[in-house]
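**Student:** Supplied in structure tokens, the structure appears directly below.
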Amino acid sequence: MLLAVLALSGIVHLVNVTGFPDIFYDEGIYMRRAMYLLDTGSPQDSGTFYDHPYFGQIFLGAVLGSIGYPSSLNPTADPQSMEALYSVPRVLMGLLAIADTFLIYKIADVRYGRKVAIIASILFAVMPAMWLTRRILLDNILLPFLLSSILLALYSRNAEEKSSKRTALVLLSGAALGIAIFTKVPVFVFMPLVASLVYTPKSKRLLALWLAPVVLIPMIWPAYSMSLGQFDYWQEGVLWQAQRESNGLLYITEILFSTDPVLLVLGAAGAVLAAVLRDRFVLLWIVPFVLFLAVIGYMQYFYWIPILPALCVAAGILFAKVLSSRPKILAAAVAVVAAFGLASTLALVTTNVTSAQYSAMAFLATKIDDDTTFVANPVYAWVLKSAFGNKNGFSDYRDLIYSPVRTDHTVVVAEGHFMSAIDDYDKLRNAYEKSGTIATFENDPGKPQTYPYTPLNYNWEGRTIDIRASSN
């Protein structure tokens, strides 16, 4: 059964990895940082901007560098080559999602038994919300480390109280959570969950031992900024990140509901059942993180990724408890939900929303020379810089706000993300208005933006790409 679930997870998370979802702005940032690490050996991206710790680029850089990426792919200026460049990190995200499926199975098995484990892992493998795990995001990189920390803490509870095995499991659990926080700071809200698994009245020393790597590993980030003489910039960046504003918790909840109402309803009902049963495990996994999202100013819909496994486990508990005395009905109910989820997810993830992006990248690779500066979002910029060696362009179109163009010609990539920013920055608007269109690439998915295709509402960066040029 576990092998079948993992096979389903492989199909869902690895089919059409380069075609869906669109190549998102943040994915370009994390790829740029990984390439910068490979080029320079420094985890701190050029400049003095601090927003996230370093493990994301260290992990990506280590994996990609081990295969000689990107030169090992022999990139050429054609759409298929551009697609190949993105296929490698996207496949890596898919493999991490398969590992997540296995870890969810093991966590639920240790905590609640085989029945809940099978249900929870099936839901994570096939439900539509898992399209979020296909992007190159820090949340997807940290998730297997967070799940490993939880699983190791659960194993430590079953080890002998003062054994070396328990000590090792506790230390490894702390290290895994420390790495997760070193990837993205908000993961600290899961500390109460894992600490509650480690702590017993007789194991206060072990709790302190667990806490040491949880705290010390993320401290590498500010310590490194101090070594560069940039601690003030680190403080400024962290405060800026914490004070950003967006549409709030209700907005991203509406997005999750429109994407996967079945999982959200089942998971929420399971969480309510956990509260009735006084099950701290599920509540500590979900409630602190939701409260954190409610109080911070800035959030994105993919911030739900770390608690998607919790929703799956909670739904598994709901199924198992409510239908425990009727195994045939339980099996049928799970099969119906899984079949519905799988059909919905496959319909969604086999949609192509990226063809215009790859065609635009290929076109840019033929047009950029030493006398041309490109102004593009990181999705395109890192490819031109790292795969094709074009050094005159900006790593991010926002760099144009602070730095002058020093070449005779400028090429502007005016796609959805760029267009959403030009009203806020005069220099971006001027660059747009002073240039003229030399090529346009469009992608129409040809699908209604209703369930199960509602995520298409959030996959708009590859719809229309207007490439413009001007002489300076």
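**Student:** Touching a Lys or Arg at 6+ places or on another chain (Cβ under 7 Å), modelled with pLDDT of 95 or more, open to solvent by less than 50 Å² (accessible area, probe 1.4 Å) and not hydrophobic (A, V, I, L, M, F, W, C), is that true of residue 21?
**Tutor:** Judged against the criteria, residue 21 is a match.
**Student:** Next question. Restricting attention to the stretch 64-89, report how many residues are more than 19 Å from residue 366 (Cβ to Cβ) and not small (Gly, Ala, Ser).
**Tutor:** Final tally of qualifying residues: 5.
**Student:** Quick one: in the stretch 295-308, of everything that is more than 16 Å from residue 188 (Cβ to Cβ) and more than 14 Å from the chain's Cα centre (by Cα), which residue is modelled with the highest pLDDT?
**Tutor:** 298
**Student:** Shifting gears a bit: (1) open to solvent by less than 40 Å² (accessible area, probe 1.4 Å); (2) at pLDDT 95 or above: which one isn't true of residue 83, the others all being true?
**Tutor:** (1)
**Student:** Now, a different point. What are the residues in the stretch 48-67 that are open to solvent by 10 Å² or more (accessible area, probe 1.4 Å) and either modelled with pLDDT under 95 or in contact with a Cys (Cβ under 6 Å, 6 or more places away or on another chain) (or both), if any?
**Tutor:** Result: 48, 49, 51, 52.
**Student:** Considering only residues that are without any contact (Cβ under 8 Å) to a residue 12 or more places away in the chain and not small (Gly, Ala, Ser), look in the stretch 256-276 and name the one that is surrounded by the fewest Cβ atoms within 10 Å (Cβ to Cβ).
**Tutor:** 276
**Student:** Tell me the helices (runs of 4 or more DSSP H) entirely within the stretch 335-453 that contain at least 2 residues that are surrounded by fewer than 18 Cβ atoms within 10 Å (Cβ to Cβ) and charged (D, E, K, R).
**Tutor:** 426-433
**Student:** Only residues in the stretch 54-81 that are of a type outside the set (Val, Ile, Thr) count as the first member; pair them with residues that are assigned to a loop (DSSP other than H, G, I, E, B), Cβ under 7 angstrom, at least 6 apart or cross-chain, and list the lot.
**Tutor:** Listed pairs, sorted by first residue: 54/43; 57/43; 75/388; 81/75.
**Student:** Quickly run through the stretch 153-190 and pick out the residues that are under 25 Å from residue 295 (Cβ atoms) and of a type in the set (D, E, K, R).
**Tutor:** 184
**Student:** Within the stretch 207-222, identify whether any single residue is open to solvent by less than 80 Å² (accessible area, probe 1.4 Å) and outside any helix (DSSP H, G or I), and answer yes or no.
**Tutor:** Within the stretch 207-222 (the criterion being open to solvent by less than 80 Å² (accessible area, probe 1.4 Å) and outside any helix (DSSP H, G or I)), the answer is yes, since at least one residue qualifies.
The values are calculated or read from the model by the stated rules, or taken from the named source; none is laboratory data. Just so it is clear, the model here is predicted, and its values are computed rather than measured. For neighbour counting, all protein chains shown are included, and Cβ atoms are generated from backbone atoms with ideal geometry for every residue, glycine included. Areas reflect the complete protein model, heavy atoms only, side chains present, ligands, DNA and RNA absent. Shrake-Rupley method; radii C 1.70, N 1.55, O 1.52, S 1.80 Å.
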